[in-house]
Amino acid sequence: MDGDNLTALDEFILVGLTDRPQLQAPLFGFFLIVYMVSFVGNLGLIILTKVDSRLQTPMYFFLRHLAFTDLGYSTAVGPKMLINIGKNQHTISYNWCATQLTFFIMFIINEVFILSAMAYDRYVAICNPLLYTVIMSQRLCDVLVAVPYLYSAFLSLLTVIKIFTSLFCGHNVIRHFYCDSLPLISLLCSDTLEIKLIILIFSAFNLVSSLLVVLVSYFLIFVAIFRMNSAQGRAKAFSTCGSHLTVIAVFYGTLFFMYVQPQSSHSFDTDKMASLFYTLVIPMMNPMIYSFRNKDVKNALYRNCKTCANVVK
């Protein structure tokens, strides 16, 4: 084949979730509910933490950006997946595939660093409570979210440009339900070593560096908590970390399940289920975790709902 034929791709075909027609309608209904709950929950958290005066603290500042990130990568994947299932049409255009991959990588990388920034925030709140407002200034908070956004945008663009400026063999079947980097790389004819090294090195750096911040922060938090003399103080300290610890456990647990299991135990269906979990289910769970386990969020929701009801009356 010549170079023109190698790159003459207008669209890709996504294998999707299943090839069984009888499962299409139940899957569409289920994931439509999942995505709508995720959309409403995360958008609600963004609005609530923005408008409620009692939630104008660093912890809820980071929570707002976590909700925005969850909304971002679930929206990058969810609507297109639902359209494909609903129409039983598993194609995605070349340009939309590149766009989907760009936003998905950007938001998923941003998620790990927002979670680590939240762990650092909890460390300062528990281990240095008297200096909390001084250390966690608005300027530092802005830096802790701006740097991940810029870094993740740079890395996503680097990855997408490397993939989509390479030569495709003419095969356009992606063995996934969305445009992911590794399935796309398997369709390339040109040398993929450089792209694979970029993904491997940066993925390892992102995972290790963010997890290291989380582990060190919580190690120091637990040391400080166990040194407290008051049982009430220990319970209060644990309660401020409970929601974040739950989110951390679910998110990193899913990533480790996908990438740390032995290569021999990998299967396409297993990877698809894990991908579904962290692209759609986790963004739905996070607002629930922070709403059900957090009195401040529940009280703010109650106050604002009551205010809206009074306005309507």
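Structural remarks
- For residue 57, the accessible surface of its heavy atoms amounts to roughly 50 Å² (probe 1.4 Å, protein chains only, rounded to the nearest 10).
- Backbone N within the range 52-69 under 13 Å of label point (7 Å from residue 133 Cα along the Cβ vector): 56-58
- The alpha carbon gyration tensor of the range 71-140 gives principal lengths a ≥ b ≥ c with a/c of 1.5 or higher and a/b greater than b/c, which makes the shape prolate.
- Long hydrophobic helices in the chain: the complete DSSP H runs spanning 18 Å or more by Cα along their own axis with mean Kyte-Doolittle hydropathy of at least 1.6 are 24-51, 193-226.
- When 101, 215 are compared by accessible area of protein heavy atoms, the largest-first order is 215, 101, using a 1.4 Å probe.
- Between residue 88 and residue 228, full extension at 0.36 nm per residue minus the direct alpha carbon distance yields a gain of 44.5 nm.
- The charge dipole of the chain, taken about the Cα centre with unit charges on the Cβ atoms of Lys, Arg (+1) and Asp, Glu (-1), comes to about 1720 debye, rounded to the nearest 20.
- The residues of the range 94-252 present an accessible area of 49 Å² per residue when probed at 1.4 Å with all protein chains retained.
- Packing here is the average count of other Cβ atoms within 10 Å per residue, and on that basis the peptides 147-154, 40-47, highest first, run 40-47, 147-154.
- Accessible area (Å², 1.4 Å probe, nearest 10) - residue 134: 100 Å²
- The distance between label points at residue 56 and residue 204 comes to 4.6 nm (points 7 Å beyond Cα on the Cα→Cβ vector).
- Long-range lysine pairs (8 or more apart or interchain), the range 11-312, Cα under 15 Å: 4
- In terms of its C-alpha gyration tensor, the range 1-100 has an oblate overall shape, because the principal axis ratio a/c (a ≥ b ≥ c, square roots of the eigenvalues) is not below 1.5 and a/b does not outweigh b/c.
- Using just its DSSP H runs of length 4 or more, each adding -39500 (n - 2.57), the chain gives a mean residue ellipticity at 222 nm of -25500 deg cm²/dmol after division by all residues.
- Using a simple spin-label model with pseudo-atoms 7 Å out from Cα toward Cβ, residue 193 and residue 37 lie 4.8 nm apart.
- Accessible surface, 1.4 Å probe, highest first, among residues 272, 80: 80, 272
- Based on C-alpha pairs under 8 angstrom that are at least 6 apart in sequence, the chain has a relative contact order of 28 percent.
- Listed residue (274, 243, 199) projecting farthest to the positive dipole end of the range 11-312, Cβ model: 243
- Net charge of the neighbourhood of residue 85, taken over other residues with C-beta under 14 Å away and scored Lys/Arg +1, Asp/Glu -1, is +3.
The values are calculated or read from the model by the stated rules, or taken from the named source; none is laboratory data. Keep in mind it's a predicted model, so treat the numbers as computed, not measured. Counting neighbours? That spans all protein chains shown, and the Cβs are built from the backbone with ideal geometry, glycine included. Side chains included, ligands, DNA and RNA excluded: accessible areas come from the protein's heavy atoms. Shrake-Rupley method; radii C 1.70, N 1.55, O 1.52, S 1.80 Å.
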